[in-house]
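Enquirer: If you scroll down you'll find the structure; I have some questions about it.
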Amino acid sequence: MLAAMPQPPSAASRDEPVIRERGDACPGALRLHAADDGFLARVRVPGGLLTVRQASVLALAADRFGDGHLELTSRGNVQLRGLAEGCGAGLAELLDGAGLLPAPSHERVRNIVATPLSGLDGPDGPDRPDALAWALEFDRQLCASPWAAALSGRFLFAFDDGRGDVAALGPDVTVLGRPDGRALVRLGRAADAVELAGPDAPRAALTAARYFLDAAAEAGTQAWRVSELPAEHALRTTEFGRRLDAAGIAATPAGPVDWPYAAPPKPSGAGGPDRATLCVLPPLGRLGSAQWRVLTQVADEGSGELRVTPWRSVILPAAGAHGAARIEDAGLVLAPDSPWESVTACTGRPGCAKSRADVRADARAVADRARGPLPVHWSGCERRCGHPRGTAWVDLVATGSGYRLAAPGRPVRDDVRPSELAAALADARTDPDVVKK
């Protein structure tokens with residue numbers, strides 16, 4: 001009998017409700033987190049959208065206050081590490097001047113992802129709504145609602161244009177585009193949803209957030225996410241519909257929904273036409289400020305925007321003819337067959353005191369020899385920070401003397417030695433019984 005692949009604590013199913021005795025300590029741009037390599041700031045980027053000016057300011061902040069690097073997160077946000085003690089006021093002033101802190105009281109709750117390729121399919125593409133426009137309007141409404149500041153820094157909103165990419169990330173509130181200007185809104189992982197007019201989607205998502213806070217307060221368990229609510233306080237689509245009606249939003253029950261799925265965008269763009277949409281993959285989601293400035297310069301010559309994805313890549317719409325070559329010269333990935341595709345890792349040593357290994361260095365050492373279709377995530381401890389969501393993946397957890405390796409449908413290997421890593425990982429990533437499903 002094969003051992004089951006272990007799930008991270010944040011993804012595991014729960015037979016009992018989560019009960020907490022402390023508040024959410026999720027870092028933000030104003031609430032810095034003390035790490036082994038200095039302080040960490042997490043800058044929320046709703047919908048992943050950055051203007052060239054905002055992106056330039058992030059590079060400046062990394063150089064002025066941090067270690068000169070920027071990290072992309074699994075929610076399309078940007079982290080700065082190695083920050084000096086006492087830099088908080090200067091960092092906040094810099095970010096605020098670029099419009100990255102429109103509501104200081106709400107900055108940690110602006111966890112909003114949107115389909116990164118929304119609107120970029122061209123005139124011959126499917127007729128889908130503009131999910132990014134939904135996300136930005138929702139962010140405006142969220143920041144204008146004082147009560148919304150009580151949400152956890154882990155609560156996630158997703159605005160999907162209908163293809164099913166960000167809807168697969170396990171959001172707490174999902175808006176999914178439908179034909180004819182309609183939208184579905186789902187609470188947590190519910191099988192059913194409500195259907196309503198697309199223009200009402202942002203306000204409906206805000207109503208869902210208020211419903212969650214009311215249910216969490218009644219439960220008294222300090223739930224941070226919809227999945228953490230006790231069964232007797234679980235969110236119900238019927239009650240959600242009643243609240244929508246009270247808010248003047250016309251909605252109808254959709255019943256069980258066959259939710260679509262689309263894979264994340266692949267690295268692409270090398271050798272494209274004069275104007276191309278580039279999908280840039282920084283290895284392990286980490287860039288030096290000089291690399292980041294190359295992206296900013298290419299974006300400035302194109303659409304003037306960068307879209308950070310929840311898969312730690314960056315979309316550059318309408319990039320110029322020479323942009324791809326400059327990006328690859330900077331050490332960033334555009335080739336869809338790169339060994340770095342679908343490889344992620346936590347911070348590891350030396351940045352995290354809990355880590356048992358320098359997981360990024362170990363990943364780099366075997367990346368080219370351990371390719372395969374399945375995603376792989378390297379973790380320095382059992383917390384598995386930043387692990388993939390919504391898909392099957394290979395799980396590597398440092399043990400101190402090697403790694404514990406788990407893959408779907410495979411027996412768990414408890415202590416894979418460094419000399420065995422490349423072969424063991426390549427084998428786990430190419431399991432035919434999993435890949436063909």
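Enquirer: Can you tell me which residues in the range 156-179 are over 19 Å from N111 (Cβ atoms) and surrounded by 24 or more Cβ atoms within 10 Å (Cβ to Cβ)? Please lay out each step first, then the result.
Expert: First, pick out the residues of the range 156-179 that are over 19 Å from N111 (Cβ atoms): 162-164, 177-179.
G177 - this is the single residue of the range 156-179 that is over 19 Å from N111 (Cβ atoms) and surrounded by 24 or more Cβ atoms within 10 Å (Cβ to Cβ).
Enquirer: Right, next: Could you check the range 301-311 and list, in sequence order, the residues that are crowded, with 19+ Cβ neighbours inside 10 Å and more than 17 Å from T73 (Cα to Cα)? I'd like the intermediate steps shown before the answer.
Expert: Step one: filter the range 301-311 for residues crowded, with 19+ Cβ neighbours inside 10 Å, giving 302, 305-311.
Passing the criteria: G302, E305.
Enquirer: Let me ask something else about it. Conditions first: (1) open to solvent by 20 Å² or more (accessible area, probe 1.4 Å); (2) part of a helix (DSSP H, G or I); (3) hydrophobic (A, V, I, L, M, F, W, C). L295 passes all but one, so which condition is the exception?
Expert: It is condition (1) that L295 fails.
Enquirer: Tally the residues that are modelled with pLDDT of 95 or more, in a loop (DSSP other than H, G, I, E, B) and surrounded by 15 or more Cβ atoms within 10 Å (Cβ to Cβ), restricting the search to the range 233-261.
Expert: Matching residues across the range 233-261 total 4.
Enquirer: Is there a residue being part of a strand (DSSP E or B), open to solvent by less than 10 Å² (accessible area, probe 1.4 Å), within 19 Å of R286 (Cβ to Cβ) and touching a Ser or Thr at 6+ places or on another chain (Cβ under 9 Å) anywhere in the range 55-70?
Expert: To start, the set of residues in the range 55-70 that are part of a strand (DSSP E or B) comprises 69-70.
This time we only want the ones that are open to solvent by less than 10 Å² (accessible area, probe 1.4 Å), so: 70.
Now narrow it down to the ones that are within 19 Å of R286 (Cβ to Cβ): 70.
Those left that are additionally touching a Ser or Thr at 6+ places or on another chain (Cβ under 9 Å): 70.
Yes; the residues of the range 55-70 include at least one that is part of a strand (DSSP E or B), open to solvent by less than 10 Å² (accessible area, probe 1.4 Å), within 19 Å of R286 (Cβ to Cβ) and touching a Ser or Thr at 6+ places or on another chain (Cβ under 9 Å).
Enquirer: Every residue in the range 297-310 that is in contact with a helix residue (DSSP H, G or I) (Cβ under 9 Å, 6 or more places away or on another chain) and either at pLDDT below 95 or closer than 19 Å to S56 by Cβ (or both), please. Reasoning before the result, please.
Expert: Restricting attention to the range 297-310, the residues satisfying the condition of being in contact with a helix residue (DSSP H, G or I) (Cβ under 9 Å, 6 or more places away or on another chain) are 297-302, 304-310.
Result: Q297, V298, A299, D300, E301, G302, G304, E305, L306, R307, V308.
Let's see how each residue does on (1) out of contact with any Phe, Trp or Tyr (no Cβ under 9 Å at 6 or more places or on another chain); (2) free of Cβ contacts under 8 Å to residues at least 40 places away in the same chain:
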| position | (1), (2) |
| --- | --- |
| A215 | yes, yes |
| T221 | yes, no |
| R225 | no, no |
| E228 | yes, no |
| L235 | no, no |
| F240 | no, no |
| D245 | yes, yes |
| A254 | yes, no |
| P265 | no, no |
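Enquirer: Can you find a residue that is crowded, with 20+ Cβ neighbours inside 10 Å, assigned to a helix (DSSP H, G or I) and in contact with a Pro (Cβ under 8 Å, 6 or more places away or on another chain) anywhere in the range 211-220?
Expert: No: the range 211-220 contains no residue that is crowded, with 20+ Cβ neighbours inside 10 Å, assigned to a helix (DSSP H, G or I) and in contact with a Pro (Cβ under 8 Å, 6 or more places away or on another chain).
Enquirer: Regarding A321, is this residue open to solvent by 40 Å² or more (accessible area, probe 1.4 Å) and either in a helix (DSSP H, G or I) or of a type outside the set (G, A, S) (or both)? Lay out the reasoning, then the answer.
Expert: Details: open to solvent by 40 Å² or more (accessible area, probe 1.4 Å): yes; either in a helix (DSSP H, G or I) or of a type outside the set (G, A, S) (or both): no.
So A321 fails the test.
Enquirer: Shifting gears a bit: Can we say P339 is open to solvent by less than 30 Å² (accessible area, probe 1.4 Å) and more than 19 Å from the chain's Cα centre (by Cα)? Let's see the steps before the verdict.
Expert: Working: open to solvent by less than 30 Å² (accessible area, probe 1.4 Å): yes; more than 19 Å from the chain's Cα centre (by Cα): yes.
In short, yes.
Enquirer: To continue, here is another question. Inspect all residues belonging to the range 271-289 and state whether any of them is open to solvent by 30 Å² or more (accessible area, probe 1.4 Å), of a type in the set (A, V, I, L, M), touching a residue at least 24 places away in the same chain (Cβ under 8 Å) and at negative phi.
Expert: The answer is no, given that none of the residues of the range 271-289 is open to solvent by 30 Å² or more (accessible area, probe 1.4 Å), of a type in the set (A, V, I, L, M), touching a residue at least 24 places away in the same chain (Cβ under 8 Å) and at negative phi.
Enquirer: Please pick out the residue among L184, L156, L196 that is of a type in the set (A, V, I, L, M, F, W, C), under 21 Å from T115 (Cβ atoms) and under 20 Å from the mean Cα position of the chain (by Cα). Let's see the steps before the verdict.
Expert: Details: L184 fails: under 20 Å from the mean Cα position of the chain (by Cα); L196 fails: under 20 Å from the mean Cα position of the chain (by Cα).
Step by step, each of L184, L156, L196 is checked, and only L156 is of a type in the set (A, V, I, L, M, F, W, C), under 21 Å from T115 (Cβ atoms) and under 20 Å from the mean Cα position of the chain (by Cα).
Enquirer: Here is a list of conditions, (1) touching a Gly at 6+ places or on another chain (Cβ under 8 Å); (2) open to solvent by less than 40 Å² (accessible area, probe 1.4 Å); (3) over 30 Å from R275 (Cβ atoms); (4) not hydrophobic (A, V, I, L, M, F, W, C), and R182 meets all of them except one; can you say which number that is?
Expert: It is condition (2) that R182 fails.
Rundown of residues vs (1) in contact (Cβ under 8 Å) with a residue 40 or more places away in the chain; (2) surrounded by fewer than 21 Cβ atoms within 10 Å (Cβ to Cβ), yes/no style:
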| position | (1), (2) |
| --- | --- |
| P102 | yes, yes |
| R110 | yes, no |
| P126 | no, yes |
| A131 | yes, no |
| A135 | yes, no |
| R154 | yes, yes |
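Enquirer: Among the residues of the range 326-383, which ones are of a type in the set (D, E, K, R), more than 22 Å from D415 (Cβ to Cβ) and in contact (Cβ under 8 Å) with a residue 40 or more places away in the chain?
Expert: Kept after step one, since they are of a type in the set (D, E, K, R), are these residues of the range 326-383: 326, 328-329, 337, 341, 349, 354, 356, 358, 360, 362, 364, 368-369, 371, 382-383.
Now drop any that are not more than 22 Å from D415 (Cβ to Cβ), which leaves 326, 328-329, 337, 341, 368, 371.
Hits for the range 326-383 are E328, E341, R371.
Enquirer: Okay, next question. Can you tell me which residue within the range 358-414, out of those that are in contact with a Lys or Arg (Cβ under 6 Å, 6 or more places away or on another chain), under 23 Å from Q79 (Cα atoms) and not in a strand (DSSP E or B), is most open to solvent (accessible area, probe 1.4 Å)?
Expert: Here the residue is D358.
Enquirer: Here's a follow-up. Only one of T309, T277 is among the hydroxyl-bearing types (S, T, Y) and either in contact with a Phe, Trp or Tyr (Cβ under 9 Å, 6 or more places away or on another chain) or within 20 Å of G386 (Cα to Cα) (or both). Can you tell me which? Give the derivation first.
Expert: Details: T277 fails: either in contact with a Phe, Trp or Tyr (Cβ under 9 Å, 6 or more places away or on another chain) or within 20 Å of G386 (Cα to Cα) (or both).
On inspection, the qualifying residue turns out to be T309.
The values are calculated or read from the model by the stated rules, or taken from the named source; none is laboratory data. From a predicted model like this one, the values you see are computed outputs, not experimental measurements. Heads up, the Cβs are rebuilt from the backbone with ideal geometry, glycines too, and the neighbour counts pull from every protein chain shown. To get the accessible areas, we keep the full protein, side chains included, count just its heavy atoms, and leave off ligands, DNA and RNA. Shrake-Rupley method; radii C 1.70, N 1.55, O 1.52, S 1.80 Å.
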